[in-house]
Amino acid sequence: MRNGDVSFWWHTQGVPPRHLSLPESTEADVCVVGGGYTGLWTAYYLKRTDPGLRIVVLEAAFTGFGASGRNGGWVTAALPGSRSRYAKGPRGREGVRALERALRDTVDEVARVCQAESIDASLVKGGTLAVATSPAQDARLREQLEHDRAWGDGEDVVTYLGKAELAKRMNVAAAEGALFSPDCARIQPAALVAGLAEAVSRLGVDIYEATPVTSIEPGVASTPFGDVRAKYVLRCTEGFTARLPGLRRILLPMNSAMIVTEPLSDQAWAEIGWDGYETVGDEAHAYMYAQRTADGRIAIGGRGVPYRYASGLDDRGTVAPATVSQLTEILHHMFPATQSAKISHAWCGVLGVPRDWCAAVHLNQASGLGWAGGYTGHGVTASNLAGRTLADLVRGERSELVTLPWVGHRSPRWEPEPLRWTGVHSLYAVYRTADRLETRKASPRTSPLARVGDIISGIPH
Ligand SMILES: Cc1cc2nc3c(=O)[nH]c(=O)nc-3n(C[C@H](O)[C@H](O)[C@H](O)COP(=O)(O)OP(=O)(O)OC[C@H]3O[C@@H](n4cnc5c(N)ncnc54)[C@H](O)[C@@H]3O)c2cc1C
């Protein structure tokens, strides 16, 4: 089994030719820091609407090195935050509904750009299944459905599938039921980010790789090779943000780990089903997420080691053996037909989590400084919407996008260490115990321990 090496996705994609580092100090209209989806989508929409703009993207490693080249490939319309928290914004509940609609439309927007720019990201819009694998999880799904209905989601947005209906789509061992939402697509994430970087370059954006930004001040991003002076400097560094001076407590770099099987046999696929290529997750507190890949494997992810002390990162994504075993156990439990399949590759990455678990998009017109991120694991779709929104903010467009409730949303800071580390590790210890208890007792009620975890974390529901 290969471990680390950034991701399986990059391993199969093959690394495209590298861009040079910044050769010397330069000037631009817009300087984007970070070459993941957020930075590249922002550059894409800015240059498409205003081809005269000089745009520079500065990337510390290579485009797609971060979460954008390592994720589970869910182009999901899930809200990266809490309805009740966003509803406190000036547009109230109606603003939350507008943001949710915009996210659903964005799934199609990603597909549209893939087609328009000839990006072959193996995109299939098969929807998403949240599968309950215990009675307590099933109870949570039904609560979630009630909550969604109370917010106005109809059958076109989310439906409950009983065991028999789920089995028509796929066989998940111990499944009690599932929620199905049509607004999700599966992609090969590195193929998307590679294609996007190519499209952005074609439009005339200058991408500099192996160029770490060491500080951001109004009008200037500094690197070891020189400065980029620009009216607008946009920070698009999500899970890596804590490395920049003064930003240690803004976004917590939460770890997520994945494994992928070798291609499964026809017999295994006949047992599992899954012909609709839905993305699949469970309803555990320490939940899993999975996709059926274009080449007939299952890629499955989960939390693993949730957080490294002092916002530490593991650059190449090496996964602890215990995490590989945990994920393999979940895979075998849910899909017994995978028991004899080898695990080909394991890797991990970081995503950015704000203290109130609500993503944000910001631009200060006076200083020219902006940023977007904190998508809490739902960034593939949200980064496109955030990129379009940042582009509108820079161009002074009074579009509907700039009025959505995550624009200007402010989250509290994370606690200093060692509180931050202790809090996150205790939280996941509590969640894992709650998951074990729920499975063992087969009780139709959420473990009270998990409620304690929710209170510690401030995770919104
Ligand atoms: C394992 C895993 C699975 C996930 N699964 C899903 C999923 O299925 N669906 C979903 O919606 N979301 C998922 N996410 C989250 C999603 O991938 C991210 O939210 C999204 O990719 C964030 O994009 P980004 O461009 O903001 O950040 P990133 O992709 O992390 O890009 C940031 C870039 O900034 C660069 N950078 C950092 N610091 C500097 C600096 N100082 N100077 C220059 N460059 C810098 C980094 O090298 C990096 O390339 C997952 C994340 C992980 C880690």
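The values are calculated or read from the model by the stated rules, or taken from the named source; none is laboratory data. All figures in this text were calculated on a predicted structure; none of them were measured in a lab. Cβ sites come from the backbone with ideal geometry, for glycine too, and all protein chains shown count toward neighbours. Please note that ligands, DNA and RNA were not included when accessible areas were found on the heavy atoms of the full protein model with its side chains. Shrake-Rupley method; radii C 1.70, N 1.55, O 1.52, S 1.80 Å.
Descriptive notes on the structure:
- Among the residues of the stretch 121-136, those identified as under 21 Å from Pro182 (Cα atoms), open to solvent by 10 Å² or more (accessible area, probe 1.4 Å) and not in a strand (DSSP E or B) are Ser122, Leu123, Lys125, Gly126, Thr133.
Conditions tested, residue by residue: (1) touching an Asp or Glu at 6+ places or on another chain (Cβ under 9 Å); (2) open to solvent by less than 30 Å² (accessible area, probe 1.4 Å).
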{"site": "Cys348", "(1), (2)": "yes, yes"}
{"site": "Val353", "(1), (2)": "no, yes"}
{"site": "Gly368", "(1), (2)": "no, yes"}
{"site": "Arg388", "(1), (2)": "yes, no"}
{"site": "Val394", "(1), (2)": "yes, yes"}
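- Residue check for Leu53: within 7 Å of the ligand (Cβ to nearest atom) and over 26 Å from Gly301 (Cβ atoms): no
- Candidates Gly162, Gly154 - the one that is free of Cβ contacts under 8 Å to residues at least 24 places away in the same chain, farther than 23 Å from Asp275 by Cα and of a type outside the set (D, E, K, R): Gly154
Condition check ((1) out of contact with any helix residue (DSSP H, G or I) (no Cβ under 6 Å at 6 or more places or on another chain); (2) surrounded by fewer than 22 Cβ atoms within 10 Å (Cβ to Cβ)) across all residues:
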| position | (1), (2) |
| --- | --- |
| Ala257 | no, no |
| Ala268 | no, yes |
| Glu278 | yes, no |
| Glu283 | no, no |
| Ala290 | yes, no |
| Ile298 | yes, no |
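- Test result for Glu217, within 13 Å of the ligand (Cβ to nearest atom), closer than 25 Å to Gly387 by Cβ and of a type in the set (Asp, Glu): no
- Output for the stretch 194-204, where each listed residue is out of contact with any Phe, Trp or Tyr (no Cβ under 6 Å at 6 or more places or on another chain) and buried (at least 23 other Cβ atoms within 10 Å of the Cβ): Ala194, Leu196, Ala197
- Criterion (open to solvent by less than 30 Å² (accessible area, probe 1.4 Å), more than 13 Å from the ligand (Cβ to nearest atom) and within 23 Å of the chain's Cα centre (by Cα)) met by exactly one of Thr241, Thr261: Thr261
- The requirement of being over 18 Å from Leu351 (Cβ atoms), open to solvent by 50 Å² or more (accessible area, probe 1.4 Å) and not in a helix (DSSP H, G or I) is not satisfied by Asp29.
- Pair list, Cβ < 6 Å and 6+ apart or interchain, from the stretch 226-242 residues that are without any contact (Cβ under 8 Å) to a residue 40 or more places away in the chain to residues that are open to solvent by 30 Å² or more (accessible area, probe 1.4 Å) and more than 11 Å from the ligand (Cβ to nearest atom): none
- Comparison of Asp206, Asp227, Asp275 shows that the only residue that is charged (D, E, K, R), under 21 Å from Leu331 (Cβ atoms) and either more than 17 Å from the chain's Cα centre (by Cα) or near the ligand (Cβ under 10 Å from one of its atoms) (or both) is Asp275.
- In the stretch 332-346, the residues that are open to solvent by less than 10 Å² (accessible area, probe 1.4 Å) and either part of a loop (DSSP other than H, G, I, E, B) or modelled with pLDDT under 95 (or both): Phe335
- Tyr232 more than 11 Å from the ligand (Cβ to nearest atom) and hydroxyl-bearing (Ser, Thr, Tyr): yes
- Hits in the stretch 109-120 (condition: open to solvent by 20 Å² or more (accessible area, probe 1.4 Å) and either more than 15 Å from the ligand (Cβ to nearest atom) or of a type outside the set (D, E, K, R) (or both)): Ala111, Arg112, Gln115, Ala116, Glu117, Ser118, Asp120
- In the set Ala386, Ala382, only one residue is closer than 20 Å to Pro80 by Cα, hydrophobic (A, V, I, L, M, F, W, C), modelled with pLDDT of 95 or more and touching a Pro at 6+ places or on another chain (Cβ under 7 Å); that residue is Ala382.
- Selected residue (criterion: farthest from the ligand (Cβ to nearest atom)) from residues of the stretch 370-384 that are open to solvent by 10 Å² or more (accessible area, probe 1.4 Å) and within 17 Å of Arg303 (Cα to Cα): Thr376
- Output for the stretch 314-331, where each listed residue is open to solvent by less than 70 Å² (accessible area, probe 1.4 Å) and assigned to a helix (DSSP H, G or I): Ala322, Thr323, Val324, Ser325, Leu327, Thr328, Ile330, Leu331
- There is at least one residue in the stretch 260-281 that is under 22 Å from Ser457 (Cβ atoms) and out of contact with any Gly (no Cβ under 8 Å at 6 or more places or on another chain).
- Reported count of residues in the stretch 60-80, each being part of a loop (DSSP other than H, G, I, E, B), within 6 Å of the ligand (Cβ to nearest atom) and open to solvent by 20 Å² or more (accessible area, probe 1.4 Å), is 4.
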